[in-house]
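All remarks here apply to the structure that follows.
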Amino acid sequence: MQLQTGEATLGFISSPCLTKVELRVACRGISDRDALSKPDPCVVLKMQSHGQWFEVDRTEVIRSSSSPVFSKIFLVDYYFEEVQRLRFELHDISSGNNGLRDADFLGAMECTLGQIVSQRKLTKALLKQGNTAGKSSITCTVWDWDSNGKHDFIGEFQTTYKEVRAEQEGKQIQWECINPKYQMKKKNYRNSGTVLLNHCKIIKMYSFLDYIMGGCQIQFTVAIDFTASNGDPRNSCSLHYIHPYQPNEYLKALVAVGEICQDYDSDKMFPAFGFGALIPPDFKVSHDFAVNFDEDNPECAGIQGVVEAYQNCLPKIQLYGPTNIAPIIQKVASSASEEMHTKEAMEYFILLILTDGVITDMADTREAIVHASHLPMSVIIVGVGNADFTDMQILDGDDGILRSPKGEPVLRDIVQFVPFKDFKHASPAALAKSVLAEVPNQVVDYYNAKGIKPKCMSDYETTRTFSP
């Protein structure tokens, strides 16, 4: 079965990053169950919700074809922060009947929407332009700036994209700046000045999906808190206790976030580090040791590999402290810095830090985050346990601009902090959605600021072939 995807529309609605994806389906070499005739294939698209499969749509039936190319286009909402599981079912519809009740089931293929859009093979496609493009009204306001923040309103004017773009054709464009208040009170009022357009430059704003489908890879790294405040892992009250039937909070958070990110990493190899423990052989405290104890190759095979390395690590170390996370941020930032200077520069790093308490190196961490804000990197911090994480909110930047101890502000907001206890009784998908909701915009903000365009410079389609 072959899938082709293309970005359909971008909507800046209530969702953090809403994109609709077009899926086109084709099949190759369908086996003939009936020796006397070829199959009449139809593909049914289903999406999983709460563990159940629900039909989204289905293609038309193509008569007598073992390699059909369906004209039906599936339109699906795409969310980076969710695992969107898809199932494509192939049916042989008997002649004279378009229903599935009497159809022969030929097979099915399951995947995630993230797996489809993250593939690299690209071909060009045309994007239909709407007839209303450039006609929407744009309101521009002019202010007299004041350093105390109390700016004085001068006036405003309205224009359109089409009118602004006329400057590129050599036309002199200007607008009268009107203050409605003065216009109503003063009989001889004409304007509050004239605004002249000296230069117009059209800049295309790319979406997160543009970069992912253009080959951008997400490099996912995990850092786990092994400080003594977690409690003895052998005790069932410990946050690191390995229950035979139920994952602890560290594992729940790791799997929830990791399952999303792994779809955007081609080799599925994830570095995993620990901090705050005494490690063998000399049992000195370390804040950036490889959980698999292979410092030359800290990568684990898949999220399950990270889980196994974490579980194998616990009996070999001694939980200690303090809770310092600046070293691990600096370690990942070093890799991101190297990537930034490569020719391709299409790898983006996500560091997931799982910790049970307020960090003890706040000044160094602020410094590390400010430095990392210049790099292709985001930091996600999940607070595990019932500690008071109020002081951690300062790193998030939602309540103000994070600054280094020297006063340097972050170039862009790259940190998302979420206390796990807020999602203790929610689904893993709800946690992942909250944790990863800001990542698409962070990726786009970085590449836009650097002037880096997706590899594929125009609208495109990506093709992926799935084996039966």
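Loop-resident GluC sites (Glu not before Pro) (DSSP state other than H, G, I, E or B) in the stretch 304-406 with no more than 12 further Cβ atoms inside 10 Å of their Cβ: E344.
Working ranking of peptides 20-28, 101-109 by packing, defined as the average number of other Cβ atoms within 10 Å per residue, highest first, is 20-28, 101-109. For D57, the residues 5 or more places off, or on other chains, whose built amide H falls under 5 Å of its own are L45. Computed from the C-beta positions of F283 and N312 and an R0 of 25 Å, the FRET efficiency is 0.90 to the nearest 0.05. In this structure the amide hydrogen of D361, modeled in the peptide plane, comes within under 5 Å of the amide hydrogens of I325, none closer than 5 places in sequence on its chain.
Ellipticity at 222 nm from helices only: DSSP H runs of n ≥ 4 in the chain, each -39500 (n - 2.57), divided by the residue count, give -6000 deg cm²/dmol. Oblate is the label for the stretch 137-197, because the ratio a/c of its alpha-carbon gyration tensor axes (a ≥ b ≥ c) is 1.5 or higher and a/b is not greater than b/c. Each of F226, F70 has some number of other Cβ atoms within 10 Å of its Cβ, and from fewest to most they run F70, F226. Backbone phi angles across the stretch 445-455, fed through the Karplus curve with coefficients 6.51, -1.76 and 1.60 (θ = phi - 60°), yield HN-Hα couplings of 4, 5, 5, 5, 5, 8, x, 8, 9, x, 4 Hz in residue order; Gly and Pro are listed as x. The phi torsions of the stretch 276-292, fed into the Karplus equation with coefficients 6.51, -1.76 and 1.60 and a -60° offset, translate into couplings of x, 10, 8, 10, x, x, 9, 6, 9, 5, 9, 10, 7, 8, 6, 5, 8 Hz, rounded to whole numbers, with Gly and Pro shown as x. Within the straight-line cut-off of under 16 Å between alpha carbons, the aspartates and glutamates reachable from K268 are E259, E299, E308, E347, sequence neighbours fewer than 8 places apart in one chain being disregarded.
Calculate, for E408 and W143, the FRET efficiency according to 1/(1 + (r/R0)^6) with r their C-beta to C-beta distance and R0 25 Å; round to the nearest 0.05. Working from the Cβ atoms, E equals 0.35. Over the stretch 346-449, one equal point on each Cα, no solvent: what is log10 I(q)/I(0) by the Debye formula at q = 0.11, 0.12, 0.17, 0.18 Å⁻¹? Taking Cα atoms of the stretch 346-449 as identical point scatterers yields -0.33, -0.39, -0.79, -0.88.
In sequence order, the stretch 19-27 has phi-based couplings of 10, 9, 10, 8, 10, 10, 10, 9, 10 Hz under the Karplus curve 6.51 cos²θ - 1.76 cosθ + 1.60, θ = phi - 60°, and Gly or Pro positions carry x. Normalised by the number of residues in the chain, the average gap of Cα pairs under 8 Å and 6 or more apart makes the relative contact order 16 percent. Farthest towards the positive end of the charge dipole of the stretch 172-325, among the residues H287, N179, C300, is the Cα of N179, using unit charges on the Cβ of Lys, Arg, Asp and Glu. Mean silhouette area of the chain, derived from the convex hull of its C-alpha atoms and averaged over all directions, reads 31.3 nm².
Mind checking which lysines have their Cα closer than 30 Å to the Cα of K150? Skip sequence neighbours fewer than 8 apart in that chain. Of all the lysines, those that pass the test against K150 - Cα under 30 Å, at least 8 places apart if same chain - are K181, K185, K186, K187, K406. Other residues within the sphere of radius under 10 Å centred on the Cβ of T221, judged by their own Cβ, net out at 0 (K and R +1, D and E -1).
Cβ crowding within 10 Å ranks D267, D225, D422 as D267, D422, D225, fewest other Cβ atoms first. The trypsin sites (Lys or Arg not before Pro) of the stretch 163-233 that DSSP puts in a loop, and whose beta carbon has at most 15 other beta carbons within 10 Å, are K171, K186, K187, R190, K201, K204. Backbone amide hydrogens, once placed in the peptide plane, bring H287 within less than 5 Å of G276, excluding anything fewer than 5 places away on its chain. Here C177, C42, C237 are placed in order of increasing Cβ neighbour count within 10 Å, fewest first, which gives C237, C177, C42.
Computed over the stretch 137-197, relative contact order equals 28 percent, with contacts defined as Cα pairs under 8 Å that lie 6+ residues apart. Of the chymotrypsin sites (Phe, Trp or Tyr not before Pro) found in the stretch 154-202, the ones in coil according to DSSP and having at most 16 other Cβ atoms within 10 Å of their Cβ are Y189. Beyond 20 Å in Cα-Cα separation lie the following of the pairs K46/K252; K46/K455; K331/K455; K204/K453; K162/K455; K284/K316: K46/K252; K46/K455; K331/K455; K162/K455.
Here, each number is a calculation from the coordinates, and none is a lab measurement. Every value quoted in this text rests on a predicted model; they were computed, and no experiment measured them. A quick note on method: Cβ atoms are made from the backbone with ideal geometry, for glycine too, and the neighbour counts reach across all protein chains shown.
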